[in-house]
Amino acid sequence: MKKTYPPNPSFRRAPPPHYALAPNAPLDSRPSKSTYSHHRSNFPANYRLSRPPGPTAPPYRPNFAIELRSNNSGLVNANVESLIAQCKPSPENSKVLRSGPVAGGLFFSQWNDALEATVNLWDLRFDGAHCFEPRLIRYVSVASDIDELQDRLQTLFSDRVRRLIDGEEVKRWRKKLQDTSKEIDKVTKELRRPNSFVLGDRLLNRKKGLISEKELLAKRLGEFESAMNCILAHLQGKEERRGGGW
């Protein structure tokens, strides 16, 4: 005998594949016909459904560039990237070249940033951080820019020259000159005393050597100070350099 079961009120027969429940429809409602069933595409067979590419950005065109130049064409520019990272302010774009007189380039769109970066790179060179010559190239020329650059570099170079004149190395040589003069005075006093022929001859030769050393020290210091003063006079003359870069 075939078994029968009482009807289950929670049982729902699954709708056919081409039907779907309408959004927010009650559970006991009849399924509505799917809007996607038997839908025929209106696009051609070769139509690509991928999104078309957007407008491409215009190429970057800097207004100013700083070239890192070197007289040694065979120099391996391993520290160029490190130098670019130290530059303040940071460039908007940069590049590193592996050969040639230009080791790398830093690019800016604003004049103030290019100016400050040029001064900063020269300052780093004076500190011994690199041996490149920063050369500022202006693709947009304004008459006042060159004067502003000259004034900033003049101030930087003049300050560095004065620091050399009053630096520790010069102080050390001046002290050595003073000590040599004192030693000469000391030997001179000893020569005035009664001495044996051998001791007197030895003291006399020592005095001659000290005098030669003193004259050499004084000459070198004088030449150095004269050269530094000439550089200061040249810088303060604000002689204009010709050309598109610095």
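State whether one or more residues within segment 220-232 are of a type in the set (Asp, Glu) and surrounded by 15 or more Cβ atoms within 10 Å (Cβ to Cβ).
At the first step, the residues of segment 220-232 found to be of a type in the set (Asp, Glu) are 223, 225.
Now restrict to residues that are surrounded by 15 or more Cβ atoms within 10 Å (Cβ to Cβ): none.
Looking through segment 220-232, none of the residues is of a type in the set (Asp, Glu) and surrounded by 15 or more Cβ atoms within 10 Å (Cβ to Cβ).
Counting residues that are modelled with pLDDT of 90 or more, aliphatic (A, V, I, L, M) and over 24 Å from the mean Cα position of the chain (by Cα), which helices (runs of 4 or more DSSP H) fully inside segment 109-222 reach at least 2? Explain how you work it out, then say what you get.
Working: elements: 111-126, 143-165, 168-191.
Filter on segment 109-222 gives 143-165, 168-191.
Filter segment 72-105 down to the residues that are at pLDDT 75 or above and part of a loop (DSSP other than H, G, I, E, B) and list them by number.
Looking only at segment 72-105, we keep the residues that are at pLDDT 75 or above, and these are 79-105.
Residues satisfying the conditions are ASN79, CYS87, LYS88, PRO89, SER90, PRO91, GLU92, LEU97, ARG98, SER99, GLY100, PRO101.
Among the residues of segment 205-219, what is the count of those that are exposed (fewer than 15 other Cβ atoms within 10 Å of the Cβ) and either among the small types (Gly, Ala, Ser) or not assigned by TED's automatic domain parsing to the domain that holds LYS171 (or both)?
Within segment 205-219, residues that are exposed (fewer than 15 other Cβ atoms within 10 Å of the Cβ) and either among the small types (Gly, Ala, Ser) or not assigned by TED's automatic domain parsing to the domain that holds LYS171 (or both) number 2.
Tell me which residues, restricted to segment 138-159, are in contact with a helix residue (DSSP H, G or I) (Cβ under 9 Å, 6 or more places away or on another chain) and surrounded by 16 or more Cβ atoms within 10 Å (Cβ to Cβ).
ARG138, ASP145, LEU149, LEU153, GLN154, LEU156, PHE157
Please list, ordered by first then second residue, the pairs with beta carbon atoms under 9 Å, 6 or more apart or interchain, first in segment 212-230 and within 17 Å of GLU169 (Cβ to Cβ), second loosely packed, with under 12 Cβ neighbours inside 10 Å.
If the second residue must be loosely packed, with under 12 Cβ neighbours inside 10 Å, no pairs are left.
The values are calculated or read from the model by the stated rules, or taken from the named source; none is laboratory data. As the structure is a prediction and not an experimental result, all values here were calculated from the model. Using ideal geometry, Cβ is built from the backbone for each residue, glycine included, and neighbour counts are taken over all protein chains shown.
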